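Working notes, beginning with the structure itself.
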Amino acid sequence: MTNLPKVIFVLGLPGSGKGTQCQKIVQEFGCVHLSAGELLRIERSKPGSQFGEMIEKHIKEGTIVPVEVTCSLLEQSMKKEMEADKAKDTFLIDGFPRNKNNMDGWQKEMSHKTDLQFVLIFECTEKECVERCLSRGEAGSGRTDDNIESLQKRQLIRTHISSTEPIIEFYEAKGLVRKVNGSRSPDEVFEDVRKIFVGLKKK
Ligand SMILES: Nc1ncnc2c1ncn2[C@@H]1O[C@H](COP(=O)(O)OP(=O)(O)OP(=O)(O)O)[C@@H](O)[C@H]1O
Ligand SMILES: Nc1ccn([C@H]2C[C@H](O)[C@@H](COP(=O)(O)O)O2)c(=O)n1
Ligand SMILES: [Mg+2]
């Protein structure tokens, strides 16, 4: 039994449905959803942020922001949520860790302050993910990376695979990976997600 906040990392290609499924998990299981990308977009838009320009550059070029910034945004958000409501002790950390720098930074700063439950991975074909990101852009997401130029120019998908795959292997060796087929309707995907969360036992 530990009183440390519980953490679930949520990974998958851009457009694989991480945000969509996290919303459903929040509704049914009351976890807190923290998207690393969303926190970075918010920080980028803050007037006078010392990191705004650097974050924008990384988002535009499809590279990953140094972990010190992302990890600190995640920790601040977790603290804020727990201060507002002590019952909020389970965090879905979406889009993190994305590379070795993310993982090493988390291990150093946060692993002893949190209790990692498992790593949830949405598997979806590259073609489907690209189509979904494009549709999301057409539907008015406002994201500067939801267009074919960004997806192709930045080789977003390929970069993602090469940098995240070793992270997945690391957690797989620890028996912490839970993979879900994300190439179905959101409700069908959630049927499988639900089974994993129902099995989330208190330690
Ligand atoms: N199972 C699904 N079937 C069809 N469309 C989906 C499904 N899940 C999500 N979508 C749609 O695909 C788009 C991308 O989904 P979402 O934002 O959840 O992905 P994501 O993994 O969070 O992407 P990113 O990493 O870019 O933030 C959204 O427009 C969403 O409505
Ligand atoms: N761990 C992370 C997560 C995200 N980013 C940056 C770079 C991504 O292209 C962008 C959007 O992320 P998404 O919302 O698609 O998960 O945010 C990062 O640098 N580090
Ligand atoms: Mg998302």
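General remarks:
- The listed peptides 121-130, 44-53, ordered by packing as a protection proxy, come out as 121-130, 44-53 (highest mean of other Cβ atoms within 10 Å first).
- Kirkwood analysis of the Cα pair distances in the stretch 1-62 returns a hydrodynamic radius of 13.8 Å.
- Pairwise Cα distances in the stretch 14-158 exceed 28 Å for 20 percent of all pairs.
- Note on residue 195 and residue 131: the extension gain reaches 20.3 nm, defined as 0.36 nm multiplied by sequence separation minus the Cα-Cα distance.
- Across the stretch 33-117, the relative contact order, built from alpha-carbon pairs under 8 Å that are at least six residues apart, equals 38 percent.
- Proximal lysine pairs, the stretch 1-144, alpha carbons under 19 Å, eight or more residues apart or interchain: 21
- Rel. contact order, % - alpha carbon contacts under 8 angstrom, at least six apart, the chain: 34 percent
- Surface share of carbon and sulfur [accessible, 1.4 angstrom probe, percent] for the chain: 51 percent
- Label-zone membership for the stretch 6-48, site residue 115, 7 angstrom Cα→C-beta point, backbone N under 14 Å: 6-8
- Accessible surface computed residue by residue for the chain, with neighbouring protein chains in place and a 1.4 Å probe, gives 54 Å² per residue.
- Charge-dipole axis of the chain as Lys and Arg at +1 and Asp and Glu at -1 on Cβ define it, positive-most pick from 54, 177, 140: 177
The values are calculated or read from the model by the stated rules, or taken from the named source; none is laboratory data. These numbers were taken from a predicted model, which means no experiment stands behind them. Note that we place each Cβ from the backbone using ideal geometry, even for glycine, and neighbour counts take in every protein chain shown. Quick note on the areas: whole protein, heavy atoms, side chains included, nothing else; ligands and nucleic acids left out. Shrake-Rupley method; radii C 1.70, N 1.55, O 1.52, S 1.80 Å.
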